[in-house]
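Taking it in order: structure first as structure tokens, then the write-up.
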Amino acid sequence: MIFLRLFFTFLKIGVFSFGGGLATIALIQHDVVEEKGWLTTQEFTDIVATSQITPGPVGINTATYTGYTAVVNAGYPEWMGVLGALTASLATILLPVIMMLVVCKLLMKHKDNPIVATTLSLLRVAIVGLIAAAALLMVSTETFGSYQTAPLQFFVSIGIFIAVFIASIKFKASPILLILLSGLAGLVVYGIF
């Protein structure tokens with residue numbers, strides 16, 4: 001039954017999703033798209049994009065939309081997709097919440113221990129790698145297009161990416177402003193052509 005498989009898949013993802021929502025995306029993509037085939041790469045890319053523009057944590061939003069889509073793709077009615085969304089969301093947060101309660105209690109007791117400090121430093125490095133993997137996941141033909149099949153989409157996507165990168169790094173532009181301007185640029189370019 002897909003609900004049980006969803007629960008255990010997202011329970012595992014929830015336990016190993018160090019670094020927050022963006023780090024979780026690579027884990028979800030690997031399990032749901034590559035291993036189980038519940039979603040296509042295009043569907044997952046759309047889910048990640050939707051998760052990033054909706055309020056709330058990106059990892060939970062991605063789990064919610066993925067649970068819904070996986071159940072509907074398996075042939076169940078849409079109302080059961082809502083149960084899939086709930087299953088994936090609850091499974092994602094269940095063990096981390098329990099673990100955080102235990103870890104917070106222990107961390108407060110042992111916060112000055114050098115082993116604890118070293119472990120936290122090493123986790124920061126792993127988190128950077130997971131977030132980089134999530135960023136590389138978004139660099140695909142579904143997101144940027146292909147030079148051979150859709151050159152306009154490809155060059156516009158590359159141009160927007162470079163402009164946003166420069167604006168955020170060099171000018172420290174607001175992420176909200178960059179999202180709005182990128183959306184407006186996409187609407188103008190794709191609305192005209």
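For the stretch 173-193, filtered to residues that are modelled with pLDDT under 90 and not aliphatic (A, V, I, L, M), the residue that is nearest to the chain's Cα centre (by Cα) is PRO175. Residues that are free of Cβ contacts under 8 Å to residues at least 40 places away in the same chain and part of a loop (DSSP other than H, G, I, E, B) within the stretch 112-150 comprise ASP112, ASN113, VAL139, GLY145, SER146, TYR147, GLN148, THR149, ALA150, listed in sequence order.
Could you say whether any residue in the stretch 85-94 is out of contact with any helix residue (DSSP H, G or I) (no Cβ under 6 Å at 6 or more places or on another chain), hydrophobic (A, V, I, L, M, F, W, C), surrounded by fewer than 12 Cβ atoms within 10 Å (Cβ to Cβ) and part of a helix (DSSP H, G or I)? Within the stretch 85-94 (the criterion being out of contact with any helix residue (DSSP H, G or I) (no Cβ under 6 Å at 6 or more places or on another chain), hydrophobic (A, V, I, L, M, F, W, C), surrounded by fewer than 12 Cβ atoms within 10 Å (Cβ to Cβ) and part of a helix (DSSP H, G or I)), the answer is no, since none of the residues qualifies. Listed by first and then second residue, the pairs linking a residue in the stretch 14-29 that is in a helix (DSSP H, G or I) to a residue that is of a type in the set (Lys, Arg), with Cβ atoms under 6 Å apart and 6 or more places separating them unless they lie on different chains, form an empty list. Restricting VAL97, VAL164 to residues that are part of a helix (DSSP H, G or I), assigned by TED's automatic domain parsing to the domain that holds ASP46 and among the hydrophobic types (A, V, I, L, M, F, W, C) narrows the list to VAL97. Against the list (1) surrounded by 12 or more Cβ atoms within 10 Å (Cβ to Cβ); (2) under 24 Å from PHE44 (Cβ atoms), the condition ALA173 fails is (2). Screening the candidates GLY21, GLY81, GLY75 for the property of being under 11 Å from the mean Cα position of the chain (by Cα), in the same structural domain as LEU123 (by TED's automatic domain parsing) and of a type in the set (Gly, Ala, Ser) yields one hit, GLY21. Just one residue in the set VAL116, VAL102, VAL125 is surrounded by 12 or more Cβ atoms within 10 Å (Cβ to Cβ), out of contact with any Phe, Trp or Tyr (no Cβ under 6 Å at 6 or more places or on another chain) and more than 15 Å from THR24 (Cβ to Cβ); that residue is VAL116.
Would you say ILE179 is hydrophobic (A, V, I, L, M, F, W, C), outside the structural domain of THR45 (by TED's automatic domain parsing) and surrounded by fewer than 11 Cβ atoms within 10 Å (Cβ to Cβ)? For ILE179, the condition - hydrophobic (A, V, I, L, M, F, W, C), outside the structural domain of THR45 (by TED's automatic domain parsing) and surrounded by fewer than 11 Cβ atoms within 10 Å (Cβ to Cβ) - is not met.
The values are calculated or read from the model by the stated rules, or taken from the named source; none is laboratory data. Fair warning: this is a prediction, and the values are worked out from it, not measured in the lab. Virtual Cβ from ideal backbone geometry, glycine too; neighbours counted across all protein chains shown.
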